[in-house]
Structure formats: C-alpha cells, structure tokens
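One structure is given below, encoded as structure tokens.
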Amino acid sequence: MSKRMNAIAKAPFTGRISQLAQRLAGADGGGVWEVHERACEMAARGEPVCLLSIGDPDLPTLPSTIAAAIDSLERGRTHYAPGRGELSLRRTIADIETRSSGKPCDPDEIVIFPGATNAIYSVLACLLDAGEEVVVAEPMYVGYQGLFDALGVRGVSFALDPARGFALDTALVQAAVTAQTRVIMLNTPGNPAGNMIGAGQLRELADWCLARDIWLVCDEVYSMITFEEAHTSLRKAATVLDNIVLVDGLSKSHAMTGWRLGWTVSARPLADRLLDFTSSTIFGCCQFVQDAAAHALTNDEDYIAGVRDEYRRRRDYVCQRVAAIRGLDCEVPAAGMFVMVHVADTGLDGLAFAEALLAQGQVSVLPGVGFGASCRDYVRISLTQSVAAMAPAFDRIETFVATLENELHD
Ligand SMILES: Cc1ncc(COP(=O)(O)O)c(C=O)c1O
C-alpha cells in the first residue's frame, strides 16, 4: 500500500453535518417535551398516568372516512399523485373556500401537503431567505420554532394579552416589524391560548402588510373547533388576496393527525412556487389519503358538530375544575383544544409544576415555557381526554396543589 493510501485510510471520519442539522439537533422546544416523554414511558410501564400534554385527539376518525380510504386502496389508488394534489380534493376545498369566504377560489390556488406542518414549512421556504424575519405571536405554537430553525430564519415575537383572553393588539404586531420582516404569521384560533382574531383586525393587518410588501400567513387548523362564535378566516376578512396565505388541515378538526393531510390557499403565483417546492421535496401525497380527505370534508356536518360539542364540554369541565382549585387560574378559551392554566400562585413556575405533578400526581401537562418565555408561569392542559378520564386526574391535581399550598403556608 502506498504511503498516500495509508494516510487516507487512517484519516479520522469527522462526520461533518450541515448547519441545518446542527440547528435542529436536540430541538425540542427547550426541554418542554421531556415531561410528556417521561409520562409516556410511565404509561408504557403500566402506571396509571393521565396524559394531558399532547394535542393528539382521542376521538376516532369518521368511520366512513376510513371506509373511503379502504375503498380507494382497493381501487388501486396507490400511485404517484399530481404535485399540486388530486383535483377532486382541491375542487372540494376550493368550493368550501368559495362558500365560506364569499370570494371565488380556484382549485389551482390550493396545494396539498402531508400535514399543515409541511405546508407551513413549504410556505416559509418559498417566502423567506436565511437571516430574514417572521413576526409571530407569543404564546406561539411550539412546532413553529423547528421550522424557523430549519430555514435559518428569525422568529420575532409580539405578546398576546393574557389579561384579555390572549387578545392580539395590532399595534404590537406592527411594532415588531423591521426592514428584515418578510412574513407575519398568525394562528387563529390559537394554540395554546384558544384566542381568536376578529375580522376587523385581520383586514387591517392584511391591508397594512399589502402596503409594505409583507406576506400575511394564517394557520387556521383549529377553525372548526370554536365554541361561542364562528371562526372568521383571513381569506374572508381580507379585501385583497395577493399577499395572504391560509394554512389548514384535517389533523385536529377531523381527528386525523396520523393521516398527514394539510393544504394552503394562496394566489396563483405563490401556489405555482409552492408546487415547484413540493414537487422537489415531497413529490406528491398519497392518493388514497386524498380520496379519504375529500370524503371527510363533504360528509362531516354532524361529525364536526359532535367534535365541537365534545371539546366544549371538556373545556367547560376543565375551566370549572381549575376555578375551584385555589392557586390555579385560567382564561376560558374561545376555541381549540387547550386551556392555559396560570400556576404561579402555587409557588412553582410551569416547568417545576409539570415535573412535580407528574412525579406526585401522575398527570402530565405541558410547561408553558415551550410557547415562549412569557408563558413560564403557565401549563397547557390538552382537552384530548374525555371528562370521565379527566375527572380522576383533576382529583389528583387538586390534592397535589393542596400539598403545595400547605408547604407554601407552613
Ligand atoms: C397551530 C398548529 N398548527 C399546525 C399543527 C400541525 O398540524 P399537522 O398535524 O397538520 O401537521 C398543529 C399541531 O398541533 C398546531 O397546533
């Protein structure tokens, strides 16, 4: 063997990874998922843990949607699909959009993705370059940070007002915008706060962004889970549609998290760029999932009414139990699948509260710090268990908080 070959053979393998991979290494929202993961391990060992930490609905997918998927599979719908998505599904979504917004929507303005997460990633990838800024509300859905990190874009936050049901103040959004801002990202109804943004504010922001060449992206995955007032979509509120993008999906409304189905609605020029991006990175979504999605969206009136009633019942139960526990406090969410509970009066912050509650009460909740530093005194409770399942968990929460109260006043 030559001297040179020897040198190559002995060269240490550095295993260099990309900056993107380094940015994402260990990205778990600052350790917020640790409590949940520990709870899952306890459950796997057979311990009677009540999981109130994750937003995966316990409700079943509509049985006829499952039948539609099976039928589609049996018809051989197991091949590559068009990059933009199946026309039948895009027509279904475009019809719903036309009806709900009162503005015509063309199927070619819709692009189908494997879940809203991938839809948002694709939108941000098409709108921002590394180093540019996306303005986003705090509390912020924990999943956005990983997308910002993947793309190397900076999330700049403005605060929602906890004293007013986490309401949005348009002036604060505008104040967060700099010369580097390309996108303002809204989420209504919001995760984790269950807040809703009204039509007037959406219209004002859309006009304001249009005048400044800024994109307004709205994540509306909880649009069907509203309790007192109906959701207003950005598309309905905006006067001009050129700079707005709507993201939606079936994970939450139709209890279809595992099916991975989401979509965007945007003006045609951006839809064409999204098609380029998704064709290069995803190469189409499952045909049979898209057939089932088209079925789900056209046969869901009773199902969605039932879903909404069930989450309302759970929300009322959680808020009533929280109100009865000294040291805990919450705003009643207007929509969505979560309740933000303020825990500072127990003497613990959200992370310490969640860790101790799991250890002592076998109930897992999500520490609020995952939604931004301003939420460190909160925990998020998911409404993804029935009232019957939550009742014993709340008994344990009550006992746990009483113990803390005693320690605080000893
Ligand atoms: C606000 C928000 N957007 C997007 C998602 C992700 O949706 P999907 O399952 O369609 O990727 C979630 C999931 O929790 C969410 O809460």
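Quick note: the coordinates plus some simple rules give every number you see, no bench work behind them. Computed from a prediction, not measured in an experiment: that's the story for all the values here. No Cβ is skipped: glycine too gets one built from the backbone with ideal geometry, and neighbour counts run over all protein chains shown.
Of note:
- Using the Karplus relation 6.51 cos²θ - 1.76 cosθ + 1.60 with θ = phi - 60°, the per-residue 3J(HN,Hα) values for region 168-178 come to 8, 10, 4, 4, 5, 4, 5, 5, 7, 6, 10 Hz, with x marking Gly and Pro.
- Percent RCO, i.e. relative contact order, over the chain, from Cα pairs under 8 Å lying at least 6 residues apart: 23
- Magnitude of the charge dipole, region 268-345, Cβ model with Lys/Arg +1 and Asp/Glu -1, debye to 20: 240
- Equivalent-ellipsoid semi-axes of region 35-180, from the Cα gyration tensor, Å, largest first: 32, 28, 18
- Simple Cβ-charge dipole of region 21-98, Lys/Arg +1 and Asp/Glu -1, about Cα centre, in debye nearest 20: 380
- For I225, residues with placed amide H under 5 Å, excluding near neighbours: G336
- Two-decimal ratio, the chain, of alpha-carbon radius of gyration to 2.2 N^0.38 Å: 1.05
- Whole-Å distance, taken between Cα centres, linking region 259-315 and region 167-202: 23
- Using every pair of distinct Cα positions in region 74-300, the Kirkwood expression returns a hydrodynamic radius of 17.6 angstrom.
- The GluC sites (Glu not before Pro) of region 135-234 that DSSP puts in a loop, and whose beta carbon has at most 11 other beta carbons within 10 Å, are E228, E229.
- The distance linking region 70-143 with region 204-254 is 13 Å (Cα centroid to Cα centroid, whole angstrom).
- Under 5 Å, built H, 5+ apart or other chain: amide partners of A159: E138
- Using θ = phi - 60° and Karplus 6.51 cos²θ - 1.76 cosθ + 1.60, couplings along region 94-103 (whole Hz; Gly, Pro as x): 4, 5, 4, 4, 4, 5, 6, 9, x, 10
- Karplus-based coupling profile of region 324-333, in residue order and whole Hz: 8, 9, 4, x, 10, 7, 8, 7, 7, x, with θ = phi - 60° in 6.51 cos²θ - 1.76 cosθ + 1.60 and x standing for Gly or Pro.
- Considering only Q180, L234, T257, the residue lying farthest towards the positive end of the dipole of region 173-288 is T257, judged by Cα position with unit charges set on Cβ.
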